[in-house]
């Protein structure tokens with residue numbers, strides 16, 4: 001699985017969402033859908049830091065696997 005890493009600031013300031021925001025003192029993962037269907041992910045507390053770019057297929061595989069419980073080991 002190849003992921004490109006860009007400086008998040010190169011992707012602009014609009015369109016970032018915190019779909020996984022909770023009561024974690026503002027430490028959130030932000031996501032932004034890019035032209036062409038790619039998805040950028042960044043740390044909300046570091047908006048000028050790196051952004052991980054996933055293809056539509058990669059983000060679909062990740063979300064599907066997470067929903068199936070395959071990422072539960074990350075939180076237990």
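Applying the selection to the range 30-76, what residues are farther than 25 Å from residue 9 by Cα and in contact with a strand residue (DSSP E or B) (Cβ under 7 Å, 6 or more places away or on another chain)?
none
I'd like to check which strands (runs of 3 or more DSSP E) are fully inside the range 1-53 and have at least 1 residues that are under 20 Å from residue 63 (Cβ atoms) and at pLDDT below 85.
Answer list for the range 1-53: 4-7.
Name every residue in the range 34-58 that is in contact (Cβ under 8 Å) with a residue 12 or more places away in the chain and out of contact with any helix residue (DSSP H, G or I) (no Cβ under 9 Å at 6 or more places or on another chain), in order of residue number.
Residues satisfying the conditions are 44, 45, 52, 58.
Could you please let me know if residue 69 is assigned to a loop (DSSP other than H, G, I, E, B) and at pLDDT 90 or above?
yes
Would you confirm, using the coordinates I've provided, whether residue 64 is surrounded by fewer than 13 Cβ atoms within 10 Å (Cβ to Cβ), modelled with pLDDT of 95 or more and outside any strand (DSSP E or B)?
yes
The values are calculated or read from the model by the stated rules, or taken from the named source; none is laboratory data. Keep in mind that what you see is a predicted model, and the values were worked out from it rather than measured. All Cβ positions, glycine included, derive from the backbone under ideal geometry; neighbour counts span all protein chains shown.
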